Structure formats: C-alpha cells, structure tokens
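Laboratory data are not the source of any read-out in this text; all were calculated from the coordinates shown. From a predicted model like this one, the values you see are computed outputs, not experimental measurements. Cβ atoms come from the backbone with ideal geometry, glycine included; neighbour counts cover every protein chain shown.
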Amino acid sequence: MSSESNKPPATDHRPLTTVTIAGLKLKNPVMVASGTFGYGEEYSPYIDLNRLGAIVTKGLSIKPKMGNPTPRIIETPSGMLNAIGLQNVGIDAFVKDKLPFVRQFDVPVIANFFGNTLEEYGEAARKLSDCDGVHALEVNISCPNVKEGGIVFGIDPKAAASVISLVRKSTKLPVIAKLSPNVTDITVMARAVEDAGADAVSLINTLTGMAIDVRTRRPRLANITGGLSGPAIRPVAVRMVWQVANAVKLPIIGIGGIMTADDALEFIIAGATAVQVGTANFVNPTATMEIIDGLEKYLIDNHIADIKELVRSLNIQASH
C-alpha cells in the first residue's frame, strides 16, 4: 500500500509531532540512520527530504577510506550483515561536494564521524564544527583504538568517556554518542558518556555477527565478521533503549530494525524521543515517509495531541 493512501486525514487539529534533541528542533521524530542513506542526495529521487526529522550522514573520517573487500553485505534471516568498513569520502570532500546539496533543504543535518585515535576524534569534531550546514555531531565510538591495542572505544566506559569528553571540548554543536550493543551492560556505557558531556545518546549500533557458507566452509563475508541489522535485532534494541531510559536523563534516539510506524512507536514508548530508520531504506526507499504518516495517523486515531506524550510512557503495572 502506498504512503499516500495511509496519510492521516486533513484536520484543523493535527497532533504535534515536533521533538527536541539536545536543543535541536525536529519537525518529527523520524531520522535516517548513518550508513544507510548515503549523504542524502542518493535518496532524493524517492522521498521528500524536507519531511524528514533529520538527515544523519554516512560515517565520516579525517581522510577518505576505501572500506573492506567484497563480499561485504549478505542477507540473513530478518536482517543483514554488513562489513562495509566505514568507506567514506572524507570530511574535506564531504564539505566540498556533499554538504551543499543537503544544505538547501529545511532539515537538520547530523554529521556522523569516527576516528581510530583520540586525536582523530578531536580533529574531526573541530573540522565538522566549522561547517555551515552541520547542526549536530553523532559520534561513532564503535571503532578500535589503534594506540591501545585495538580495543574498541565503545565497549570500554573509560575510553568512551575520553572520546566524548574530547569531542565536547572540541565543538559547540550538540554531541550525540552512538552506543554499541556489544557490551555486558549498556547502562554503564550510557552513564559514562552522560558524565563525559554527551547531550544525547543514540542506540543501538549493529550487533557483531557472522555467517558461514557450509558448502565451501568459508565465511560469507570477506571480513569474516560484520554488523547485524534489521528486524532481527529490534527486540534487543527496544530492551536496551528501555534500560538506558531508566538509567540516564539524556534524550535517546532509538535505532534497530524499524520498518513501520508501529516499530518506531515501540522505541518511543520505551523511552526514545526520536528514532533512526536504517536497513528499511534498502528494502523500501520510501519507508521513512510511510513511518512519518503512520505516526501521525496513530496520534489522530488514539486522540493524542502531542507525540511527546508517548515518550517513556511504557506501562509495566501488572494487569488484574
């Protein structure tokens, strides 16, 4: 069914869908997830970019990155594994060649970026902060610290805090820490980045997975392991958002297998102020538009005046 047929009926009393994340006002809570939407221009033939809550860029680094060898994407039950390897054009080329296109739209741009050392994170934050048209920074801490034996910043609370603290000192823009689910206790990581100065958290990043071709007995990804995304991870993501909502005061952006408005509502009710749509973009390029329409229809059908009433509204009282 098309997005048009699902659109809420015209009314003089349309519900409010605006939300605010770390001082950034969004016309609705639906963003796109980093790495699944290119730099914005790639999806412009299919959807109205002006209707999005925000655009989150493909992950950016100081220098261009070629990424991993192929095969680097495979389908899995209710999801996909990817080992793209953070391929990107680099910050300078992004500013020169990619940013001018999205800057013409009335939608906030959140620059996702990463580094392999603390110094790279700080330099990247400073460079992106100087760009006209970047409204917030999303920090991908799911990267190895090459100076500390390759331990991933995002699974060590002290390392994560050190990254966020440095980024916070390097920019005046809102700082969103993107949390890895590959940890024992996600709330420990959330508290660490909150104490370090993050303005918001987004979660979850992909779960580490692996698939094997039983005929050749070889890994199906050239990189051997990859990041699992899609509907298969949604229950894990919803659980982690709920845990983090009960552990920190920061606004939360929920991510993980959101395909429909009902999926997005699970995250919002669990505690997310906004959501990011990722893998769904590959399956259905208009998914974000349908989710935006579906959220508004839900509010109208349930006589809810403001979507913010749903945030952290989970009822866990036992029914009698």
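Residues in segment 257-271 that are touching an Asp or Glu at 6+ places or on another chain (Cβ under 9 Å) and among the small types (G, A, S) were compared, and the one that is surrounded by the most Cβ atoms within 10 Å (Cβ to Cβ) is G257. Quick one: A287 ticks every box in (1) within 29 Å of T76 (Cα to Cα); (2) in contact (Cβ under 8 Å) with a residue 60 or more places away in the chain except a single one, so which number is it? So the condition that A287 fails would be (2).
Can you pull out every residue in segment 96-126 that is touching a helix residue (DSSP H, G or I) at 6+ places or on another chain (Cβ under 8 Å), within 21 Å of F37 (Cβ to Cβ) and buried (at least 18 other Cβ atoms within 10 Å of the Cβ)? Matches in segment 96-126: K98, V102, V107, V109, A111, F113, F114, A124. The residue that is nearest to I176 (Cα to Cα), among those in segment 266-294 that are in contact with a Leu (Cβ under 7 Å, 6 or more places away or on another chain) and of a type outside the set (S, T, N, Q), is A274.
What do you reckon, is A247 surrounded by fewer than 20 Cβ atoms within 10 Å (Cβ to Cβ) and over 22 Å from L207 (Cβ atoms)? Judged against the criteria, A247 is not a match. Those residues that are closer than 25 Å to I74 by Cβ, without any contact (Cβ under 8 Å) to a residue 40 or more places away in the chain and surrounded by 21 or more Cβ atoms within 10 Å (Cβ to Cβ), I need them from segment 205-242; list them, please. Result: R234, V238.
For the condition touching a helix residue (DSSP H, G or I) at 6+ places or on another chain (Cβ under 7 Å), crowded, with 18+ Cβ neighbours inside 10 Å and within 26 Å of G254 (Cβ to Cβ), what is the one hit in S202, S142? Just a single option satisfies the conditions, and that option is S142.
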